[in-house]
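Here's a structure for you.
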Amino acid sequence: MLTKLKEQPIVGKLTAQYDQLPRRDQQALAVLAIALFLGIVYFMIWSPVSSFHDEAVASKENASELVAWMQSNEQVIRSLGSSGAGPTNGSADIPADGRALMGLITRSARESGLTLQRFEPSGDAAIRVWLEAVPYAEVAAWLEMLNGKHGVVIDQASLDRSGGPGRVSVRLTLTI
């Protein structure tokens, strides 16, 4: 392969030009070529490999810490898993059907200080609700309470600015 490379006309021209250079220029060119080669090796090979290695070590350490934490909290994790903690745990008031959902929505809205402008059933386990010019923070708190305590899910929502600052008009479809 080296002989074929030497047979190329361009290589012959470059070799002839190199031979015509003074001895100091030939040495400077050789040092420059070695420096260029080392730079390429460092930036194209060594640096990426080193960076990949450091990231792998950090990832391994994070995984080891996570495993250690999980092992130290194994009992708590198992008890949470077996107790069924979450929005549908035993003490929650989960509506059984659309009628119970409608009652829950109207009662909880009244308790939260919200006035429903209109509401109607939407299928067997859903209800559509309209609220006009209500404080956004109260609506958000009400919806969070419905989801957290009763497992009610927002299927569709549309909020529009209404009235003064912080007030919205809301159209919701809530489901069990």
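Throughout, read-outs are computed from the coordinates displayed, never taken from laboratory work. Just so you know, these numbers come straight off a predicted model, no measurement behind them. Cβ coordinates were reconstructed from backbone atoms using ideal geometry, including for glycine residues, and neighbour counts include every protein chain displayed.
Given a 10 angstrom Cα cut-off, can you work out which residue in G12, G163, G98 is the most mobile in a GNM of the chain?
It is G12.
Still on this structure: Springs between alpha-carbon pairs under 10 angstrom, Gaussian network model over the chain: which of T15, T106, T115 fluctuates most?
Most flexible of the set in this elastic network: T15.
Next question, about the same structure. When the dipole is taken about the Cα centre of the chain, and only Lys, Arg (+1) and Asp, Glu (-1) are charged at their Cβ, what size is it in debye, to the nearest 20? Walk me through the numbers before you get to the answer.
Numbers: 16 positive and 18 negative charges, 103 e Å.
For the chain, the charge dipole is close to 500 debye.
Take Q27 and N147, extend 7 Å from each Cα along the Cα→Cβ direction, and tell me the distance between the two endpoints in nm.
It is 7.6 nm.
Something else now. Describe numerically, in nm with one decimal, the distance between label points set 7 Å from Cα along Cα→Cβ at N62 and at Y18.
So the two model labels end up 4.8 nm from each other.
If you work out P(r) over Cα pairs in 5 Å bins from 0, in percent from the coordinates, which of [x] 1, 7, 9, 10, 8, 6, 5, 5, 6, 6, 5, 4, 3, 3, 4, 6, 6, 5, 2, 1; [y] 1, 7, 12, 14, 12, 8, 4, 3, 3, 3, 3, 3, 3, 3, 3, 3, 4, 3, 3, 2, 1, 1, 0; [z] 1, 7, 11, 13, 11, 9, 8, 8, 8, 7, 6, 5, 3, 2, 1, 0, 0, 0, 0 do you get?
[x]
Quote the relative contact order of the chain in percent (integer), defining contacts as alpha-carbon pairs under 8 Å separated by 6+ residues.
16
I've got another one for you. At I77 and M1, where each label point lies 7 Å from the Cα along Cα→Cβ, what is the point-to-point distance in nanometres?
The answer from the label model is 5.1 nm.
Using the Kyte-Doolittle scale, find the helices of the chain whose mean hydropathy is at least 0.5 and whose Cα atoms extend 24 Å or more along the helix's long axis, counting only whole DSSP H runs. Numbers along the way, then the final one.
Values: long enough: 23-41 (27 Å, 1.19); 47-72 (37 Å, -0.27).
Membrane-span-like by this rule: 23-41.
Once each part is reduced to its C-alpha centroid, what is the distance from the range 97-148 to the range 1-62 in angstrom?
Taking the Cα centre of the range 1-62 as reference, the centre of the range 97-148 is 71 Å away.
Shifting gears a bit: Determine ³J(HN,Hα), in whole Hz, for all residues of the range 162-170 in sequence, where each value follows from phi through the Karplus function 6.51 cos²θ - 1.76 cosθ + 1.60 and θ = phi - 60°; x replaces Gly and Pro.
8, x, x, x, x, 9, 9, 9, 10
Give the aspartates and glutamates reachable from K6 as a straight Cα distance under 19 Å; neighbours fewer than 8 places away on the same chain don't count.
The qualifying aspartates and glutamates are D19.
What value, in deg cm²/dmol to 500, does the helix sum -39500 (n - 2.57) over DSSP H runs of n ≥ 4 give at 222 nm once divided by the residues of the chain?
Values: 7 runs with 102 residues, N = 176.
-19000 deg cm²/dmol, from helical runs alone.
Please find the FRET efficiency linking A96 to D160, where r is the Cβ-Cβ separation and R0 is fixed at 30 Å, and quote it to the nearest 0.05. Mind dumping the intermediate values first?
Working: r = 33 Å, r/R0 = 1.09.
So the FRET efficiency works out to roughly 0.40.
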